[in-house]
Amino acid sequence: TILAESRFKPNQMYIAVYKTDVVNAYATANIDDGMLKVIVTTGLIEITGNDTGQLAAVIAHEIAHHSLLHLNYRLTGQPTAEAHADVLGYELATKAGYDGCGGYRFALLNMVQNMSGNFLGSSHPNVFVRLEYFRVLCLK
């Protein structure tokens, strides 16, 4: 699994699904028990359809925020931190056996959604920048 490829043990982090039409995923921590969390919405799961590579890329991206300590330094949402999480997320998803290029397809999906007025990820790097570095990663 992606979590097994990260530096975290299963008793340190969990992935939860939040039921909402909003398309989102984010990294956070549970103040009560100290567990790290990745929240994925049902809206995001629905929009990625049967493309497990896209969903894996998104989850791996959020796990990468934890691995890179972005929450500790309040860096989540900063374009450079998001780019670093994309690259590490690609590596985690690929090591776990998923199609790491799912991030590229998710960036394409973001571009299409942006054109239709549904803006996904305003805190993330420009979609064209993301498409280019995912393209380079996928050509490795």
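Ranked from largest to smallest solvent-accessible area, with a 1.4 Å probe on the protein heavy atoms, Leu88, Leu137 come out as Leu88, Leu137.
Looking at the stretch 53-113, none of the GluC sites (Glu not before Pro) sits in a DSSP loop with at most 12 other Cβ atoms within 10 Å of its own Cβ.
The listed residues Asp99, Asp86, Asp32 rank as Asp32, Asp99, Asp86 when sorted by accessible area, largest first, using a 1.4 Å probe. Counting only DSSP H runs of at least 4 residues, each contributing -39500 (n - 2.57), and dividing by the residue count of the chain, the helix-based mean residue ellipticity at 222 nm comes to -15500 deg cm²/dmol. Measuring only protein heavy atoms, the 1.4 Å probe finds Tyr14 accessible over about 80 Å². Ordered from highest to lowest accessible area with the whole protein assembly present and a 1.4 Å probe, Thr1, Thr42 read as Thr1, Thr42. Counting only Cβ charges, +1 for Lys and Arg and -1 for Asp and Glu, the dipole size of the chain around its Cα centre is about 220 debye. Solvent-accessible surface (1.4 Å probe) assigned to His84 amounts to roughly 100 Å².
The values are calculated or read from the model by the stated rules, or taken from the named source; none is laboratory data. These figures come from a predicted structure and were not determined experimentally. Using ideal geometry, Cβ is built from the backbone for each residue, glycine included, and neighbour counts are taken over all protein chains shown. Areas reflect the complete protein model, heavy atoms only, side chains present, ligands, DNA and RNA absent. Shrake-Rupley method; radii C 1.70, N 1.55, O 1.52, S 1.80 Å.
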